[in-house]
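K.L.:
What follows is a single structure, and I will ask about it in a moment.
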Amino acid sequence: MKGSRTFRDAQGRKVKQTEYFLGYKAHCGLNAESGLITSLIVTPGNVHDGHQLPQLLQRDLAQDIPLSIVSADRGYNDGDNHFLLQCEGLHSAIRLNDYRTQKKDPNKQIWLELKGTAEYQAGLQERYKIERKFGEAKQSHGLRRCRYVGLLRYGLQALLTAIALNLKRMVKLLTGVAFKEPVRVPACVRGTKAGGQRKGDWQGVQTTEGPGRTRGQGPTHLYRHPTTPLALGEGVLSLIT
């Protein structure tokens, strides 16, 4: 996989450095109304993101999820995906690349019309929910790195993480009680320093990675296209990341 990072050198100048690393991708669909993950696919890091949308969409349709709009980032901006959504009677809110709308030929008109629809704009406004869900998975559940080597093992990690996220969301929907990170633990539970002084009384500690836990061996790339149904008229919006 290919990534990049920006840093300042000794002279204070910004330098962009390209990095190559081994990793995997987690492609998932998210329901925008409920905030629940509805579909999940894991692939090697060198797989094209856009080719995964048909399988994610079919898994959501098989669950009889009432979809109306499907939103995704530019990685899914493939002509075949737009055509698939049209055949399924769904509105496309896949973020368009600039080369579709800024090219100098008559063929860009269809993309400009799509960009101007209310469904397209509504879908993009809901995409933050899938990004937020991936941020929670990375920050609070250790999905930033692979715990085990191998696609099957990474798939288990991603699946268990999705289950944990859905369980937390279900508790919120049913009881109104949210899980907050980091969790505050009393000093009497965490122990004391030498001399009887309390160690960090009620300081925040992360529950997913603590002393004695080993972080994963390989970095993982989080695919940013979950499917999120959004309430819009009689239908729902689906976000892909």
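K.L.:
In region 106-123, what count of residues is obtained for those that are modelled with pLDDT under 90 and under 14 Å from Leu90 (Cβ atoms)?
P.N.:
So the answer is 0.
K.L.:
What pairs can you find where one residue is in region 116-130 and in a helix (DSSP H, G or I), the other is among the basic types (Lys, Arg), and their Cβ atoms are less than 8 Å apart, with a gap of 6+ or different chains?
P.N.:
If the second residue must be among the basic types (Lys, Arg), the pairs left are Leu124/Arg95; Ile130/Arg224.
K.L.:
Quick test for you: out of Glu181, Glu136, Glu126, pick the one residue that is among the charged types (D, E, K, R), modelled with pLDDT under 85 and either touching a helix residue (DSSP H, G or I) at 6+ places or on another chain (Cβ under 8 Å) or within 18 Å of Leu56 (Cβ to Cβ) (or both). So that I can check it myself, show each step before the final result.
P.N.:
On the way: Glu136 fails: modelled with pLDDT under 85; Glu126 fails: modelled with pLDDT under 85.
Only one candidate qualifies: Glu181.
K.L.:
Considering only region 26-44, I want to know if a residue exists there that is part of a helix (DSSP H, G or I), out of contact with any His (no Cβ under 8 Å at 6 or more places or on another chain) and either more than 23 Å from Glu136 (Cα to Cα) or not β-branched (Val, Ile, Thr) (or both).
P.N.:
We begin by selecting, within region 26-44, every residue part of a helix (DSSP H, G or I); these are none.
No, region 26-44 contains no residue that is part of a helix (DSSP H, G or I), out of contact with any His (no Cβ under 8 Å at 6 or more places or on another chain) and either more than 23 Å from Glu136 (Cα to Cα) or not β-branched (Val, Ile, Thr) (or both).
K.L.:
Residue check: is Arg153 modelled with pLDDT of 90 or more, closer than 22 Å to Leu40 by Cβ and not small (Gly, Ala, Ser)?
P.N.:
It is true that Arg153 is modelled with pLDDT of 90 or more, closer than 22 Å to Leu40 by Cβ and not small (Gly, Ala, Ser).
K.L.:
Hey, any hits in region 39-59 for a residue that's surrounded by fewer than 21 Cβ atoms within 10 Å (Cβ to Cβ), under 30 Å from Tyr20 (Cα atoms) and in contact with a Cys (Cβ under 6 Å, 6 or more places away or on another chain)?
P.N.:
Among the residues of region 39-59, at least one is surrounded by fewer than 21 Cβ atoms within 10 Å (Cβ to Cβ), under 30 Å from Tyr20 (Cα atoms) and in contact with a Cys (Cβ under 6 Å, 6 or more places away or on another chain), which makes the answer yes.
Let's see how each residue does on (1) crowded, with 20+ Cβ neighbours inside 10 Å; (2) in contact with a strand residue (DSSP E or B) (Cβ under 6 Å, 6 or more places away or on another chain); (3) closer than 22 Å to Tyr128 by Cβ:
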residue: Arg5; (1), (2), (3): no, yes, no
residue: Ala26; (1), (2), (3): yes, yes, yes
residue: Leu30; (1), (2), (3): yes, yes, yes
residue: Glu88; (1), (2), (3): no, no, no
residue: Gln109; (1), (2), (3): no, no, no
residue: Leu112; (1), (2), (3): no, no, no
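The values are calculated or read from the model by the stated rules, or taken from the named source; none is laboratory data. Since the structure is predicted, the reported quantities are computational estimates derived from the model, not experimental observations. Using ideal geometry, Cβ is built from the backbone for each residue, glycine included, and neighbour counts are taken over all protein chains shown.
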